[in-house]
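FYI, it's all coordinate maths here, none of it is from the lab. For clarity, every value in this text was computed on a predicted model and none was experimentally measured. For neighbour counting, all protein chains shown are included, and Cβ atoms are generated from backbone atoms with ideal geometry for every residue, glycine included.
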Amino acid sequence: MEKLELLYEGKAKKVYATSDPEKYIVSYKDSATAFNGEKKGEIIGKGEVNNLMSNIIFQLLAKEGIKTHFISELNERETLVRAVSIVPLEVIVRNVAAGSFSKRFGVAEGIELKQPTLEFCLKDDALGDPMINTSQILALSLATPRELERIAYIATRVNEVLSNYFDTINVKLIDFKIEVGRTNNGEIILADEISPDTCRLWDKETGKKLDKDRFRQNLGEVEEAYQEMLNRVSKF
Ligand code: UDP
């Protein structure tokens, strides 16, 4: 598949057109940002880890009946995906308090939640990705009621499948963010990536953080943590 013009460049990925209008090529970068772009850096090898790990996870989810944009891995950094138009929402599921949830509600990081939470942020860097509720999403026509139901169902299923899966590789899934897209026939499918950039992943025994919080909080061993996650996922 031929890589044509660059359609979009984000903080961690580039998206290219191909000769087939129904397919895009995603190319993962090593650059890392946090705190709405205030902290910038590079995590060597991150692009490869996120590409390979996300592809393994998307194939696992597909086996469980969750449709994703994944088509095929082209090389260590690039993947062929279904062209979708991204719904401008960050869909966040949490099992354990951490990050902005802990801050906003004054709940200590690590407190197990009685049930998973589902929250939405508007995907808008200039506005700092503000939290948005379902009535606001509907009022702004960002999604239809049926689409929102579908998005909530996908988020819940991804959480169930991945919580169980990570448990088998000795990792606790604390929280994660997904994005969904609309195909040209209007179907909502899982898109973007699922990687240590988009999940909080703690070693089940030691509690060691194996995700982007190592970069955000200057905890050191950032590259090692990404590699460790890929190793565990690849061995499965
Ligand atoms: N997250 C993400 N992209 C974002 C914001 C959050 O992938 O732009 C992920 C983050 O890695 C974590 C979850 O979503 O796994 C919840 O993040 P939180 O709201 O706690 O925000 P943060 O503390 O990362 O600012």
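Taking DSSP loops as anything outside H, G, I, E and B, show the longest stretch in the chain free of GluC sites (Glu not before Pro) there with at most 10 other beta carbons within 10 Å.
Numbers: sites that count: 2, 38, 205.
That would be 39-204.
Shape call for the range 1-86 from the C-alpha gyration tensor, a ≥ b ≥ c root eigenvalues: rounded (a/c under 1.5), prolate (a/b greater than b/c) or oblate? Oblate, because a/c is 1.5 or more while a/b does not exceed b/c. Counted over all Cα-Cα pairs of the range 1-155, pairs farther apart than 18 Å make up 69 percent. Spin-label model, residue 182 to residue 15: label points 7 Å out along the Cα-to-beta-carbon direction sit 1.4 nm apart.
Among the listed pairs 39/235; 11/209; 67/103, which are separated by more than 24 Å between their Cα atoms? The partial results should precede the final answer.
Values: 39/235 33 Å; 11/209 22 Å; 67/103 33 Å.
Long pairs (Cα-Cα over 24 Å): 39/235; 67/103.
Backbone geometry of the range 77-84 corresponds, through the Karplus equation with coefficients 6.51, -1.76 and 1.60 at θ = phi - 60°, to 3J(HN,Hα) couplings of 10, 10, 9, 8, 10, 6, 5, 9 Hz, x marking Gly and Pro.
Filter the cross-link list 14/177; 63/204; 63/177; 114/177 down to pairs whose alpha-carbon distance in this structure exceeds 22 Å.
Values: 14/177 19 Å; 63/204 25 Å; 63/177 20 Å; 114/177 19 Å.
Over 22 Å apart, Cα to Cα: 63/204.
Couplings 3J(HN,Hα) for the range 151-158, derived from phi with the Karplus relation 6.51 cos²θ - 1.76 cosθ + 1.60 (θ = phi - 60°), are 4, 5, 5, 4, 4, 5, 5, 4 Hz, where x marks Gly and Pro.
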